[in-house]
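Q: Have a look at the structure that comes next, please.
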Amino acid sequence: MKHKSPLFFVIFICSVAFSQQYINYSTKDGLPSNHVYKIAQDVKGFLWFATDKGLVKYNGNTMKTFTTKDGLAVNDVWDMYPTPDGKLWYLSKASKLGYIENDSVFAFESEQKGEVFNPIFTSQIGNDILLTSSLRFHVFKDNIWKTLENYPIKGTVPHSYIQHHSVSNFKTTAKYDSITVLDINNKPVKTFDFTDRLDKIHKRGQITDSLFFWVDTKKYAILNLNTLQLHKRNFSDEIGLAEVKHARINLVNNELQISGEGFIGVLDSDFNISKTFYIPEYFEAHFGFIDSSGAIWLTTFTNGIYYLPIEKQNVTYCLPSQKITSISNVNNKIIANVFNKGFYKYNDSTSTFSPFINEDEYVYGSTYIEALQTEYYLSVSNITAFKNNKAKYFSFLDRKFSVNDKARQLVFFNNDLYGAYSLGINKINASNFEIEAHYQQSAINQLFIFNNHFLVATTNGLMYFKDEKFNTIAFNKQPFNKPVLSIAKLSNSEILINTDGFGAYVSNLETIELLPDSDFLIVNKAFIEGNTIWLATESGIVKYTKLDEKYTLQMYITINNGLPSNNITDVFIQGNKLIAGTNNGIAILPKNQNVSTQLLDIYIEDAFYNSEPIVSSNSAFKYESNNNINIKISSIDFSENRKDVSYNYKLEPIQKEWISSTTINLNFNNLQPETYNLLIEANGIKKQLVFVIEPLWWQKLWFKGLAILLAIYIVALISRYFVKRSQLKKNQKIFEDQRLSELQLKALRSQMNPHFVFNSLSAIQYYIGENNFATSELYLVKFSKLIRQFFELSKENEISLEREVELLKNYLEIEKLRFKEKLNFVIQVEPDMDLKTTEIPTMLLQPIVENAVNHGVFNKMENGLITINFKYIDEQTFMVEVIDDGVGFVNTKKRVTGKVKSSNVLKDRLHFLNQSNKWEIGYKNQELHPEKPDKGNKSVFLIKKNLK
């Protein structure tokens, strides 16, 4: 960039009008004032802004302001120096100066009490700061600013005090025409001729341990203390500017940056200015700064700060604020159609568009018909045709409606010229441009010739024009009625169909396939470059690349990459340049866009254990129940459209796998005593936080060991208790089973009581004595069958109701024979009862039936009736009623002994059956007619079998 003329500077400013892409930060964005002196970046990556209302720390998302409330002596801070040890030294006209470290402000006084510093020429060498005013030097030592006052040469002006770490210490003194370098013993080492010394020095100081600089409005000089060479440069030769206000040189991110009003640049190894960026004059920026990512920051005294990301620095903007309808190649000329302006031609060497054909009305398009060797430029009121560099004009201003009703687009097909207009297609005479035929078809967006097919893109799908008719094209026998905006040729066999809101499609006119990930895109135009597709959409430029015969989406190019708008009307590739047309002008940017990130760092902004901060000096805490760890994650990210950073984290040792998150707050609750290590990772940046939760006395190892032994002892005691209890239950169950068996046998024996046997045998004997052998034989058969049933059932715990009813029936029939028909019985079973599947404990009912016979009917003079009812309750429950119409217990002496005996047996048996949890049996006995106690008795069982 050496020896540039002012003319080149003007051209550069006009062609690279990138000022519209700067982002402005002001008080509305968090700055305490729009009066900003300087910008610096510390070793962690934070940006610092020096203003007249305090110092601002910026991470790309939030601004934190430090003022007198935080410890500054004054709020008007006009310079600052970040040092490698993490401090940020701040300078102002004040009685205390110091630094900010870990968001804490430190301020120190001079050893001369009450002295006010005015360090306008301050220097930084590594971690050391040397405060320099016009007549005094201060160094920081033992937490105080100490004064250096001994000037070696009488009558000279003390110019600078230089610390030179690599060789020795030097001092310089300046007369009006020379500079002398002295060694540490005040002996002259070398004198430099300074007859053309800098006028009205704006800034001077040491910038490394071996470099010292001077700068004014026209030139700058750098003294190399290693070689003792003085390098002088002027701005006119370096950057084409005769005068630069507010010029200064800074060491930024290990490179020398020089800036002033109108420019910012970097000094190369010969101290010439390179990588120059010119600042638009109307910004009135007095200081420029290039951060570690390559982004440019500018400070102003009235409008705050301007920011230009690195992605936008290589973008050229043309025709700003103009609506570009299309960009096309017309006979090797790149033509941009500009709304209400006309046609502009592109100059590749200067990356500019200049007027070619002026039109103050809407322009339709431009094209080159190779068969006619003619260029056509179509607008609302004119058609201009160029052939052999000669222009021919067709005007429609003298027509009735003064509107081009012939052609808004032209194609040549089968030796005829066709033009699309609002109502269809015109066949046009190429010589006189007269219309030869009309073909009506509304809503045509484009005419396209492909493989001898005349294709027509309409808002109702794709059609082809053949034999003077329009025909709808169906793909795979399915109609394609989506609105088609444009068509582009992919290859000799395929085209790209671009739709309004439905994406782009690849087709060979027989089949059609959606371009991956293009669903619902509004695709205005497309540019095909080999195996690459560039789509102009309402969401930016979308790039596709063909790999393994398939197109894959590569990237989106948007306003983040420097486009003036995401609504792209057309896209064109010229060499390594990407030319994008928008409703806000044209952007020319490098074709090969790299996806970069402005994420410089992630860090833990705050960390608390309950309400105590977790820091390196305080990272161990006593355990508290229901404790809470709150951690705030932040980042240094200067991306233009910053989003929440996605990062991974895990808290060892309780989390083994990484967890992805975008939240800035992490919370962990009720952590147990342990040493914890929080690991955070994002984009290769790794951070960690180690803290310890110390156990209470009862959580320590010795106590836990003792508790474990005690627990083992208690478990052993409990286990022993339950083993004994289990054995006791087992023995009790054995006893109950034995008792139940005894009761069953006892019940059987009670049923087979001697009276029944004796009475039955007597009855048999009676019938034999009466020579009634048939009856006696029948009686004997029934009696033996009943006896056999009794003994068989005695082996079983439960039987079906069917067998129970059969047993009762046999028993009552024997009794009926014995009573000589004086006894009748009825057994009634409700229809809902399933006799085969419903079960009942063995020999539960027979003793009660026998009681009804012997204690009820037996003592009755007239005939007696025994009624047995089986009633359905539900699938598990039923009721049994045993009813007799006998004399009742009050009229028989046998009542007491018989009832007590049978009742005790029944009571014990029911107790053990219910204890088994298999049965739930209720029993009650009552007089049938309480008001007439001699009129019968009723026994009721409510039986329920529990399911396992």
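Q: For residues that are assigned to a loop (DSSP other than H, G, I, E, B) and among the hydrophobic types (A, V, I, L, M, F, W, C), scanning just region 84-140, find the one that is farthest from the chain's Cα centre (by Cα).
A: First, pick out the residues of region 84-140 that are assigned to a loop (DSSP other than H, G, I, E, B): 84-87, 92-93, 95-96, 102-103, 109, 111-116, 118-122, 126-127, 133-136.
Narrowing the set further to residues that are among the hydrophobic types (A, V, I, L, M, F, W, C) leaves 116, 120-121, 135.
Working: V116: 53, I120: 49, F121: 50, L135: 59 Å.
In this case the residue turns out to be L135.
Q: Would you point out the residue of region 495-534, among those that are of a type in the set (D, E, K, R) and over 32 Å from the mean Cα position of the chain (by Cα), that is modelled with the lowest pLDDT?
A: E510
Q: Moving to a separate point now. Name the residue, out of K146, K218, K200, that is among the charged types (D, E, K, R), under 60 Å from the mean Cα position of the chain (by Cα), at pLDDT 85 or above and loosely packed, with under 14 Cβ neighbours inside 10 Å.
A: Result of the check over K146, K218, K200: K146.
Q: If I go through region 424-462 residue by residue, how many of them are polar (S, T, N, Q) and surrounded by 15 or more Cβ atoms within 10 Å (Cβ to Cβ)?
A: Residues flagged as polar (S, T, N, Q) and surrounded by 15 or more Cβ atoms within 10 Å (Cβ to Cβ) within region 424-462 amount to 7.
Q: Let me ask something else about it. What residue, among those in region 811-832 that are surrounded by fewer than 17 Cβ atoms within 10 Å (Cβ to Cβ) and of a type outside the set (D, E, K, R), is nearest to the chain's Cα centre (by Cα)?
A: Per the criteria, the residue is P831.
Q: Taking into account only those residues within region 889-919 that are part of a loop (DSSP other than H, G, I, E, B) and modelled with pLDDT of 60 or more, which is nearest to K729 (Cα to Cα)?
A: The selected residue is S916.
Condition check ((1) assigned to a helix (DSSP H, G or I); (2) β-branched (V, I, T); (3) in the same structural domain as Q915 (by TED's automatic domain parsing); (4) at pLDDT 70 or above) across all residues:
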residue: D737; (1), (2), (3), (4): yes, no, yes, no
residue: L740; (1), (2), (3), (4): yes, no, yes, no
residue: K746; (1), (2), (3), (4): yes, no, yes, no
residue: F756; (1), (2), (3), (4): yes, no, yes, no
residue: A763; (1), (2), (3), (4): yes, no, yes, no
residue: A774; (1), (2), (3), (4): yes, no, yes, yes
residue: L778; (1), (2), (3), (4): yes, no, yes, yes
residue: S784; (1), (2), (3), (4): yes, no, yes, yes
residue: I787; (1), (2), (3), (4): yes, yes, yes, yes
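Q: If you check N445, N460, N452, N481, which single one turns out to be modelled with pLDDT of 95 or more and not charged (D, E, K, R)?
A: Details: N460 fails: modelled with pLDDT of 95 or more; N452 fails: modelled with pLDDT of 95 or more; N481 fails: modelled with pLDDT of 95 or more.
Selected residue: N445, the only one of N445, N460, N452, N481 that is modelled with pLDDT of 95 or more and not charged (D, E, K, R).
Q: Same structure, new question: Of the conditions (1) in a strand (DSSP E or B); (2) touching a strand residue (DSSP E or B) at 6+ places or on another chain (Cβ under 6 Å); (3) more than 29 Å from S354 (Cα to Cα), K546 fails just one. Which one is it?
A: Single failed check for K546: (2).
Q: Now a separate question. Find the strands (runs of 3 or more DSSP E) located wholly in region 613-674 whose residues include 3 or more that are touching a residue at least 24 places away in the same chain (Cβ under 8 Å), under 28 Å from T62 (Cα atoms) and not assigned by TED's automatic domain parsing to the domain that holds N102, and list them.
A: 628-637, 647-652, 665-669
Q: Just the residues that are closer than 30 Å to Y58 by Cα and not aromatic (F, W, Y), please, taken from region 556-586. I'd like the intermediate steps shown before the answer.
A: Keep residues of region 556-586 that are closer than 30 Å to Y58 by Cα, which gives 556-566.
Those that are closer than 30 Å to Y58 by Cα and not aromatic (F, W, Y): I557, T558, I559, N560, N561, G562, L563, P564, S565, N566.
Q: Return the only residue of S491, S442 being within 26 Å of T384 (Cα to Cα) and in the same structural domain as R408 (by TED's automatic domain parsing). Please lay out each step first, then the result.
A: Details: S491 fails: within 26 Å of T384 (Cα to Cα).
Among S491, S442, only S442 is within 26 Å of T384 (Cα to Cα) and in the same structural domain as R408 (by TED's automatic domain parsing).
Q: Name the residue, out of S321, S292, that is under 19 Å from I588 (Cβ atoms), in contact (Cβ under 8 Å) with a residue 24 or more places away in the chain and not aliphatic (A, V, I, L, M).
A: Unique residue meeting the criteria: S321.
Q: If you go through region 16-45, how many residues are within 34 Å of the chain's Cα centre (by Cα) and within 18 Å of G98 (Cβ to Cβ)?
A: 3
One line per residue, one yes/no per condition, for (1) over 25 Å from D193 (Cα atoms); (2) at pLDDT below 90:
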| site | (1), (2) |
| --- | --- |
| N224 | no, yes |
| T227 | no, yes |
| R233 | no, no |
| I264 | yes, no |
| L267 | no, no |
| F271 | no, no |
| L298 | yes, no |
| T302 | yes, no |
| K312 | yes, yes |
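Q: On the basis of being within 38 Å of the chain's Cα centre (by Cα), over 22 Å from H202 (Cβ atoms) and surrounded by fewer than 19 Cβ atoms within 10 Å (Cβ to Cβ), does N329 make the cut?
A: So N329 does not fit the description; no.
Q: Looking at F263, F283, F271, F277 in this structure, which one is more than 16 Å from N234 (Cβ to Cβ), of a type in the set (F, W, Y) and free of Cβ contacts under 8 Å to residues at least 60 places away in the same chain?
A: Only one candidate passes the filter, namely F277.
Q: Please specify each residue of region 36-73 satisfying the condition of being among the hydrophobic types (A, V, I, L, M, F, W, C) and surrounded by fewer than 17 Cβ atoms within 10 Å (Cβ to Cβ).
A: V43, M63
Q: Another question about this same structure. Among the residues of region 844-887, write down those that are part of a strand (DSSP E or B) and surrounded by fewer than 20 Cβ atoms within 10 Å (Cβ to Cβ).
A: L865, T867, N869, K871, Y872, T877, M879, E881, I883
Q: Which residues, taken from region 789-822, are part of a loop (DSSP other than H, G, I, E, B), out of contact with any Ser or Thr (no Cβ under 8 Å at 6 or more places or on another chain) and farther than 30 Å from M861 by Cβ?
A: Of everything in region 789-822, just one residue is part of a loop (DSSP other than H, G, I, E, B), out of contact with any Ser or Thr (no Cβ under 8 Å at 6 or more places or on another chain) and farther than 30 Å from M861 by Cβ, namely K795.
Q: Is region 344-367 home to any residue that is at pLDDT below 95, among the basic types (K, R) and outside the structural domain of N59 (by TED's automatic domain parsing)?
A: Within region 344-367, none of the residues are at pLDDT below 95, among the basic types (K, R) and outside the structural domain of N59 (by TED's automatic domain parsing).
Q: When the residues of region 348-363 are filtered to those that are hydroxyl-bearing (S, T, Y), touching a strand residue (DSSP E or B) at 6+ places or on another chain (Cβ under 8 Å) and touching a residue at least 40 places away in the same chain (Cβ under 8 Å), which remaining residue is surrounded by the most Cβ atoms within 10 Å (Cβ to Cβ)?
A: Among those that are hydroxyl-bearing (S, T, Y), touching a strand residue (DSSP E or B) at 6+ places or on another chain (Cβ under 8 Å) and touching a residue at least 40 places away in the same chain (Cβ under 8 Å), it is T352.
Q: Can you name every one of the strands (runs of 3 or more DSSP E) wholly within region 435-515 that holds 1 or more residues which are of a type outside the set (V, I, T) and either within 18 Å of Y544 (Cβ to Cβ) or free of Cβ contacts under 8 Å to residues at least 24 places away in the same chain (or both)?
A: On the way: elements: 435-440, 444-450, 453-458, 461-466, 469-472, 484-489, 495-499, 504-507, 512-514.
Output list reads 435-440, 461-466, 469-472, 484-489, 495-499, 504-507, 512-514.
Q: Take region 354-379 and flag every residue that is within 15 Å of I324 (Cβ to Cβ) and touching a Leu at 6+ places or on another chain (Cβ under 6 Å).
A: Selection gives Y364, G365.
Q: Which one of these is within 23 Å of E802 (Cβ to Cβ) and modelled with pLDDT of 75 or more: K860, K944, K938?
A: Exactly one residue qualifies, and that residue is K944.
The values are calculated or read from the model by the stated rules, or taken from the named source; none is laboratory data. The structure presented is a predicted model; accordingly, all values stated were derived computationally and were not measured. Counting neighbours? That spans all protein chains shown, and the Cβs are built from the backbone with ideal geometry, glycine included.
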